[in-house]
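Participant: There's a structure below that I have some questions on.
The values are calculated or read from the model by the stated rules, or taken from the named source; none is laboratory data. Keep in mind that this is a model prediction, so the values were computed, not measured. Here Cβ is always computed from backbone atoms with ideal geometry, including for glycine, and neighbour counts include all displayed protein chains. In case anyone asks, the SASA skips ligands and DNA or RNA and just uses the protein heavy atoms, side chains included. Shrake-Rupley method; radii C 1.70, N 1.55, O 1.52, S 1.80 Å.
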Amino acid sequence: MALTGFRPRRLLVVVAVLFGVLAAGIAPAAAHAALTGSDPAQGSVVAHAPEQVALTFSEGVAMGNDSLRVLDPQGKRVDRGKLRNLCSGSVVKYGAGLPPGLPNGTYTVAWQAISADSHPVSGAFTFSIGAPSKTTAAVPQQQVGGGLVGALYEIARYLAYAGFVLLVGGAAFVLACRPATARVRSVQRLVVRGWALLTGATLAMLLLRTPYTGSGKLADVFDFGGLQQVVLSKPGAALLSRLLLLAAAALFVAVLFGTYARVHAPDGTDTAEGEDAKGTEDTEDAEDAAKRRKDLTFGLALGGAVLAAGLATTWAIAEHASTGLQPAVAMPVDVLHLLAVAAWLGGLAALLVSLYWGPPVERTAVRRFSRVAFGAVLVLVATGTYQSWRQVGSWRALTDTSYGQLLLVKVGLVAVMVAVAGLSRRWTGRLTAAAQGPDGTEPTAAPADAQNAPDAPDAEDAPAADAAGSGGPADPARVAQLARQQAALATARKKRVRDADPVRRGLRRSVLTEAAVAVLLLAVTTALTTTEPARTAEAVKAASAGQSPDANQPRVLNVPFDTGGAAGKGTARLDLDPGRSGGGNELRLRIADPSGKARDVPQVAVSFTLDAKKLGPLPVALRHSGTGHWTASGVQLPVPGRWQLSLLVRTSDFDQVTETRNVTID
């Protein structure tokens, strides 16, 4: 498909902005650790004040003394303020002691913690002693890690991945595919900007860590006491280690685009070392020069590999790979996965800028990158399959969880990239045929510097020569204007020659398409790091469904209603204790107006139906026990199953409504 009037630079800017917005809009999903149970249970009514409130999590979390707070109906903190570690074996459990003699009423439990994979988690629930009551305790409406601070943190996380890909992949492209690009400005800018992007994003994440995991207030980025605590945590230590590695990476980049670029100069001279160095180089044996290049390449490749692996490890030790199943295997696999992503996507970006803003790319360089990309894809398939099994666990979880759905999107994008890469390989094959001369050999390409328009000598020297040849002193403004015109003409001429080749034009467009898909792929990958793995979500769901209620864990339902008449709105709270099949269940019903005050109504009725067994409706004999309160003893539910509860509320002679809810009975 022809792209008339195509402007690649503008399109890349638009694509980058678009997916930067996409990354900013990714809401922080539930993180890796999740609350799987509590004692007392959420919404339960206990006869006597418990000795403590305990929380059970799906995996390890970090909590402090203020991480678990219990508030009385007036909003006053009543817990002892000392966190108890109740962990035993694989059970992750923390609690807070309560003083004896707490009065009856509804209490609020607010908690927050840092998951083992660095994501903050929080929540709140209520339980009642004796009977429910009105409470003024403020329950947090926004989970920790959300809001503006959460959005900024996710943007920084996205940019950190992008910077890592450009830095590592761009440098790998230079060393493994096309050493001549070490002297190409567009590739130099790409790698240096990748380093700057990763460094800036890491600093931002380090400063945002305190409000991200705590108050949620942007002003707390200047809380140096909180920053000290962050540095002592595992995620903070990983970010600090990344900054230290980036300092070493700066030296690597300097050598790559300095000494390495000079020894790979087209004429074999080291232009930066002066005339004496030139003379020495001219007399140097060809084998010694080749050995020097080989040793420098080996040293840079080895050092670069160590730095790249170290940078990737800073993600592996602080993200999903460090928790859950087989972390000792998962972390090295995650490092390989990240390195393969960088080699493929970062090399693709380097090839893209070389094709559009550098000298003509030799077919051998494209073929080398094609082989590197193919190897990277094989590594991605192997490591991705293992990670998918580890984080998903079942086929159903792929469609029933947010993590599984995002993973399917990521797999689809990878498939699209592989398909487009196949098209690029076809263009490369045509490029090979087109590049061969009549005798079957490839014409010698012009040196990289001579073909790089900004450095071309004819674009700079011709205006000065014209001005000198005209006689008389040259006007500096006129010389500068002629220089700009000549440079523009030279650039346009080279662009016309470059674009006249349909094979290279097709290759550039297919590579650009790959890069556009890669940007979206990176955004989806960022979203996956903030989403609760499917295996954890399924385990939490199963644990919640499989909890066996005891005497302190009744079935609790809050049912809003509106009969449509005057004063027809309210809420019914039903407690079925213990919520088991057979007899012996006690039902407590409370009717409240919109303000939460108990009120009487002319009629209420409750019945149960089990359609699967064709049982019911089984009516419940309610007894009025006080203003707005009804009770029933000995409620018979013969068999376990998913029963349907029907609640009829009548508020006047003409206004009534029937609400239904499902209740699971064991």
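Participant: For His624, what is the net charge nearby, where nearby means another residue's Cβ is under 13 Å from its Cβ and Lys, Arg count +1, Asp, Glu -1?
Facilitator: My count for the surroundings of His624 gives +3.
Participant: What FRET efficiency do you get for Arg642 and Glu586 if R0 is 22 Å and r is their Cβ-Cβ distance, rounded to the nearest 0.05?
Facilitator: Computed FRET efficiency for Arg642 and Glu586: 0.60.
Participant: Taking all protein chains in place and a 1.4 Å probe, what share, in percent, of the accessible surface of segment 179-238 do carbon and sulfur account for?
Facilitator: 66
Participant: Give, in nm to one decimal, the length gained when the segment between Thr627 and Ala415 is fully stretched (0.36 nm per residue of separation minus the Cα-Cα distance).
Facilitator: Extra length from Thr627 to Ala415 when fully extended: 69.9 nm.
Participant: Something else about it: I'd like the carbon and sulfur percentage of the solvent accessible area for segment 342-384, probe radius 1.4 Å, heavy atoms only, ligands and nucleic acids excluded.
Facilitator: 70
Participant: Provide the per residue accessible area, probe 1.4 Å, for segment 613-655, rounded to a whole number of square angstrom.
Facilitator: Here the per-residue accessible area is 60 Å².
Participant: Ok, one more. Taking R0 as 41 Å, what FRET efficiency do you get between Gln405 and Ala289 from their Cβ-Cβ distance, rounded to the nearest 0.05?
Facilitator: Between Gln405 and Ala289 the formula returns 0.15.
Participant: Quick one: Cα centre-to-centre distance for segment 351-372 and segment 615-650, in angstrom?
Facilitator: So the two Cα centres are separated by 75 Å.
Participant: Would you compute, for the Cα atoms of segment 552-666, the largest minus smallest coordinate along each principal axis and list the three values in descending order, in whole Å?
Facilitator: Sorted largest first, the three principal extents are 40, 28, 19 Å.
Participant: Here's another thing I want to ask about it. With the other protein chains left in place, how much accessible area per residue, in square angstrom, belongs to segment 39-80 at a 1.4 angstrom probe?
Facilitator: Here the residues of segment 39-80 average 47 Å² of exposed surface.
Participant: Note down, for segment 382-422, the three equivalent ellipsoid semi-axes (square root of 5 times each alpha carbon gyration tensor eigenvalue), biggest first, whole angstrom.
Facilitator: Equivalent ellipsoid semi-axes, largest first: 21, 12, 6 Å.
Participant: Still on this structure: For a distance above 19 Å, tell me the whole-number percent of Cα pairs in segment 55-119 that qualify.
Facilitator: 35
Participant: Here's a follow-up. Per Stokes-Einstein, at 20 °C and 1.002 mPa s, what whole-number D in µm² s⁻¹ belongs to segment 349-416, with the Kirkwood radius over Cα pairs as the hydrodynamic radius?
Facilitator: 149
Participant: Still on this structure: In nm, give the distance between the simple-model label positions of Ser652 and Gln52, each being 7 Å from the Cα along the Cα-to-Cβ direction.
Facilitator: Label at Ser652, label at Gln52, 5.4 nm between them.
Participant: Just to verify a number: FRET efficiency for Arg193 and Arg77, C-beta to C-beta distance, R0 = 51 Å, to 0.05?
Facilitator: Taking R0 as 51 Å, the efficiency between Arg193 and Arg77 is 0.55.
Participant: Further question: Quick check: Cα centre of segment 77-105 to Cα centre of segment 155-197, how many Å?
Facilitator: Taking the Cα centre of each part, segment 77-105 and segment 155-197 sit 51 Å apart.
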